[in-house]
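Beneath this line is the structure, given in structure tokens, with notes to follow.
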Amino acid sequence: MKYLFKIILFFWITISLAQPKLEMTPKGFAPLEIETPNRPINKLLELSKDWAPYYNQDGYDVFDVTENSLTIEARCKNAYSYWNIGVKYNFDIKYSLKIVFGKNQKYTLTFIVEEIYTDRVPLKSTVADFFTPGGKLKEDFKDVKPSLERTVNKIVKSYINYIAQQSAPLSITGQDTNN
């Protein structure tokens with residue numbers, strides 16, 4: 001039993017580290033392409049709708065639903081922070097996650113930071129404001145990039161893992177777990 005646990009732990013760590021990570025750029029976050037689980041697209045769309053309340057317990061919206069895509073919009077509290085003169089500032093974001101299931105056995109996740117909030121007040125800042133016109137991160141915002149990337153990757157990883165786990169065809173006992 002101990003060896004089985006070690007093997008499972010090893011594979012779980014390997015898989016979680018192997019997932020691609022989104023990186024913040026002046027244009028936002030580049031779309032991420034992932035292998036589609038072996039399920040019909042309509043089932044994957046339903047699983048995507050099920051993930052929204054699972055992860056976004058403070059509210060969400062699902063819209064632009066088509067036969068192979070949908071968009072989930074939600075708020076994330078304390079999505080990023082930065083320090084300025086010894087004071088830590090926390091910010092919330094409203095984001096959208098566009099999910100498109102392609103016919104090429106891959107799906108695309110596009111993460112967009114729609115709005116940035118502080119104390120529930122929307123700011124006029126965007127992700128592009130954290131960068132210089134030359135594309136370098138501004139000195140005052142050096143804490144923002146790793147902080148926001150960590151949050152975005154946590155959200156995306158949650159979605160990817162949810163879809164993968166809910167799409168697993170059989171349990172260890174050999175019974176279908178998705179009924």
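The values are calculated or read from the model by the stated rules, or taken from the named source; none is laboratory data. Values in this document were obtained by computation on a predicted structure and should not be read as measured data. Here the Cβ is made from the backbone with ideal geometry for all residues, glycine too, and neighbour counts use every protein chain on show.
Give segment 104-138 a look and list any residue that's of a type in the set (D, E, K, R) and assigned to a loop (DSSP other than H, G, I, E, B), or say none.
From segment 104-138, those of a type in the set (D, E, K, R) are 106, 114-115, 119-120, 124, 129, 136, 138; that's our starting set.
Correct list: Asp119, Arg120, Lys124, Lys136, Lys138.
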Members of segment 84-122 found to be over 22 Å from the mean Cα position of the chain (by Cα) and not charged (D, E, K, R), listed by number: Asn84, Ile85, Gly86, Val87, Tyr89, Val121
Any strands (runs of 3 or more DSSP E) falling wholly within segment 1-102 and containing at least 2 residues that are at pLDDT below 95: 32-35, 69-84, 87-101
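Scanning segment 17-76 for residues that are among the β-branched types (Val, Ile, Thr) and out of contact with any strand residue (DSSP E or B) (no Cβ under 7 Å at 6 or more places or on another chain), which turns out surrounded by the fewest Cβ atoms within 10 Å (Cβ to Cβ)? Walk me through it before giving the result.
At the first step, the residues of segment 17-76 found to be among the β-branched types (Val, Ile, Thr) are 25, 34, 36, 41, 62, 65-66, 71-72.
From what is left, the residues that are out of contact with any strand residue (DSSP E or B) (no Cβ under 7 Å at 6 or more places or on another chain) are 25, 65-66.
Numbers: Thr25: 14, Val65: 12, Thr66: 10.
So, considering only residues that are among the β-branched types (Val, Ile, Thr) and out of contact with any strand residue (DSSP E or B) (no Cβ under 7 Å at 6 or more places or on another chain), the one surrounded by the fewest Cβ atoms within 10 Å (Cβ to Cβ) is Thr66.
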Among the residues listed as Ile85, Ile99, the single one being buried (at least 19 other Cβ atoms within 10 Å of the Cβ) and hydrophobic (A, V, I, L, M, F, W, C): Ile99
Residue check, Thr151 under 22 Å from the mean Cα position of the chain (by Cα), modelled with pLDDT of 95 or more and closer than 17 Å to Asn38 by Cα: no
Long-range neighbours under 6 Å by Cβ, at least six apart or interchain, first residue touching a residue at least 60 places away in the same chain (Cβ under 8 Å) within segment 69-80, second surrounded by 19 or more Cβ atoms within 10 Å (Cβ to Cβ) and among the hydrophobic types (A, V, I, L, M, F, W, C): Cys76/Ile93; Ala79/Ile93; Tyr80/Phe91; Tyr80/Val144; Tyr80/Leu148
